[in-house]
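What follows is one structure encoded as structure tokens, with my remarks underneath.
Nothing in this text is a laboratory measurement; each read-out follows from the coordinates by a stated rule. The model shown is predicted, which means the values in this text are computed figures rather than measured ones. Note that each Cβ is placed from the backbone with ideal geometry, even for glycine, and that neighbours are counted across all protein chains shown.
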Amino acid sequence: MTFLLGIDIGTSSAKAVLFDVESSQIVAVAGQEYPIHHPAPDRAEQDPDDWWRATVAIVRQVTAGAAVERIAGISFSGQMHGTVMVGADHKPVAPAIIWADQRTGSTVSELVDLMGAEAYAATAGTLPAAGFMAVTLLWLKQHDPALLGRIHKVMLPKDYVRLRMTGEIATDPSDAAATALFNVTTREWAANIINKAGLPVNVLPDVRASVAVAGYLRAEAAAELGLKAGVAVMTGCADQPAQAVGNGLIKPGRGSVTTGSGGQVSIPFMRQPGEALRTDPRVHVLNHAVPDTWYVLGAILSAGLSLRWLRDLVGLKGAADAYPILSAEAAGVPAGADGLIFLPYLSGERTPHMDAQARGCFIGLSAHHTRGHLARAVMEGVTFALREALEISRELGATADTLIASGGAMESDLWRGIQADVFGLPLQRTLLKEQASVGAALIAGVGSGVYSDFEAACERTVRYRDVTEPNVANHARYDVLYAHFRELYPRLKGDFHRLAEGL
């Protein structure tokens, strides 16, 4: 029996899976939450050592009673974009500034203006947003140069946990790409961006392949974790490509749609030798964990959050069966919600508008509309927003004939059917859960030689279940409504901005 250990350092919690190679099953899974600190309204920080303490606890839980000497490798998935700062002693010199931090909001446009949006995206594959490492470092340069001067190295959250295990500092191309300081074509730090911003290149970590052995488990860390010293520890990757690996999305043909608190459409793609990498400022074109592969990532901010907002608004907060109630009522409403359209911009929007002042609204509200109409319109509006991300991905050459559905919202048969109908594509789910942690475990397997490559790992491991096929009549109806949905934001943008600014 051979085990792999996959660890996901998420925003609100860490999760670990102990994965059995022979059966391709999760032996044990454990998670532990940790806080996000808000020392000011626009701040979002975490203590990197909270990640380590959570990792120690969950690794001990999943390996309790297991033959730990049979663990062939360890690897990671992690929350993207944030900045961990350590001194020469490898200890944090300040709390980590994570992706949700908004102090750098005014710094974003300043950084983009140094090169222009098109040129910036052509290099980095993405424009920076508040909370990305690129703007965080520029903000520190302008507002806290003393702290910037104390930094020996910066890294991403998962990299700090690996540092505690191995004593080695590094990151991987997928997480480096999420900083908006990386050249996604050459897979090197983007000297043109770094130099124009006047940032210190020496604080950036070495970049190693996701499956590379970044180091070996030190005796001190092994004792804390309850593991055997000397286990190979792979570099790992960001959470989106880790989830893709766990879903078997390692080459063109399939994509994923994730409907959690936010929503993401992610499609892997490759390019022909000599072909220029196509980018678009409205989406992120980032490096996959798989060599010579990229993925297009479109992200919306309020997917499941939109339905949660409605749940609370209509008096179902705290009800254990709130979501089944809303789904059942929405199922009694025809496609199109009897002329009601919802714009899901409750927290502003990223793809495709990149507009923090966008606002949510119902269009077409009438006295005959019920709670079920509202619920169905929310599900449809969120899905229309995700379709915009899907279509931009297609414009860049990323193709998918099937989408792998994940996220808590996909437990609703109705919402899953709405997505298939709006996209006009079949949706599938994988049998294994905890895809990000499983993806990390498979990366450990490739890096340790348990699997010959990603394709072999996914071939042995990933299995799919229930296919949701699109309804042809509903798809035709949704095509018309989608065209109307797309017209609404440009029409209302000025109103959104005036209202956001207090008129």
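Please order 270, 85, 155, 410 by the number of other Cβ within 10 Å, starting at the fewest.
Working: 270 14, 85 24, 155 28, 410 20.
Least crowded to most crowded, the residues run 270, 410, 85, 155.
Near residue 222, within a Cβ-to-Cβ distance under 13 Å, what is the net charge of the other residues, with Lys and Arg +1 and Asp and Glu -1? Could the numbers behind the result be given before it?
Details: positive: 60, 164, 218, 228; negative: 69, 220, 224.
The answer is +1.
Could you list 374, 442 in order of exposure, starting from the residue whose Cβ has the fewest other Cβ atoms within 10 Å?
On the way: 374 23, 442 32.
Listing 374, 442 from fewest to most nearby Cβ atoms yields 374, 442.
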**Item:** Exposure proxy ranking, count of Cβ atoms within 10 Å, fewest first, for 443, 74, 151, 267
**Value:** 151, 267, 74, 443
**Request:** Would you please state which residues of the stretch 317-341 a label at residue 471 would reach in this model, taking the label point 7 Å out along Cα→Cβ and a backbone N cut-off of under 17 Å?
**Result:** 327-340
**Asked** If the cut-off is 18 Å between C-alpha atoms, which aspartates and glutamates fall inside it for residue 493, apart from same-chain ones fewer than 8 positions away?
**Response** 349, 355, 388, 501
**Complete:** The answer for residue 433, listing residues at least 5 apart or on another chain whose modeled amide H is closer than 5 Å to its amide H, is none
**Message:** If R₀ is 60 angstrom, what is the calculated FRET efficiency for the pair residue 370 and residue 67, using the beta carbon separation as r and rounding to 0.05?
**Reply:** 0.55
**Request:** Enter the mean projected area of the convex hull around the alpha-carbon atoms of the stretch 3-235, in nm², rounded to one decimal.
**Result:** 12.3 nm²
**Message:** Suppose a student asked you for the relative contact order of the chain, using Cα pairs under 8 Å spaced at least 6 residues apart; what percent would you report?
**Reply:** 16 percent
**Request:** Any chance you could check the Cα centroid distance between the stretch 268-288 and the stretch 1-32 for me, in angstrom?
**Result:** 31 Å
**Message:** Please list, short to long, the whole-number percent of alpha-carbon pairs of the stretch 346-503 in consecutive 10 angstrom bins beginning at zero.
**Reply:** 9, 29, 32, 19, 9, 2, 0
**Request:** May I have the pair-distance distribution P(r) for the stretch 111-192, computed from all Cα-Cα distances with 10 Å bins from 0 and rounded to whole percent?
**Result:** 17, 44, 33, 5, 0
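What does the net charge come to around residue 460 if you take all other residues with beta carbon closer than 12 Å to its beta carbon, with K and R at +1 and D and E at -1? Each step should come with its number before you reach the end.
Details: positive: 463; negative: 20, 22, 453, 455, 459.
That sum, taken over residues with Cβ under 12 Å, equals -4.
Set the Förster radius R0 to 25 Å, insert the Cβ-Cβ distance between residue 25 and residue 455 as r into 1/(1 + (r/R0)^6), and round the FRET efficiency to 0.05.
Details: r = 20 Å, r/R0 = 0.80.
The pair residue 25/residue 455 has a calculated efficiency of 0.80.
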**Request:** Under 19 Å Cα to Cα from residue 141, which aspartates and glutamates show up? Leave out anything in the same chain fewer than 8 places away.
**Result:** 42, 45, 101, 110, 113
**Complete:** Of the candidates 249, 79, 294, the farthest towards the positive dipole end of the chain (Lys/Arg Cβ +1, Asp/Glu Cβ -1, centred on the Cα centre) is 79
**Message:** For residue 15, give me every one of the aspartates and glutamates with a C-alpha distance below 19 angstrom, ignoring sequence neighbours fewer than eight places off in its own chain.
**Reply:** 33, 47, 49, 50, 159, 175, 224, 239, 434
**Prompt:** Given labels modelled 7 Å from the Cα in the Cβ direction, how far is it in nm from residue 321 to residue 187?
**Reply:** 5.3 nm
**Message:** In whole Å, what are the extents of the chain along the principal axes defined by its C-alpha atoms, from largest to smallest?
**Reply:** 68, 53, 50
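State the extension gain, in nm to one decimal, for the chain segment bounded by residue 219 and residue 47, taking 0.36 nm per residue of separation less the distance between their alpha-carbons.
In short, 59.6 nm is gained.
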**Fill in**
Neighbours of residue 426 by Cβ distance under 14 Å: Lys/Arg at +1, Asp/Glu at -1, summed charge 0
**Prompt:** Can you give the helix-only mean residue ellipticity at 222 nm for the chain, where every DSSP H stretch with n ≥ 4 adds -39500 (n - 2.57) and the sum goes over all residues, rounded to the nearest 500 deg cm²/dmol?
**Reply:** -11500 deg cm²/dmol
**Request:** Output the antiparallel fraction of DSSP beta bridges having both residues in the chain, as a percent to the nearest 5.
**Result:** 70 percent
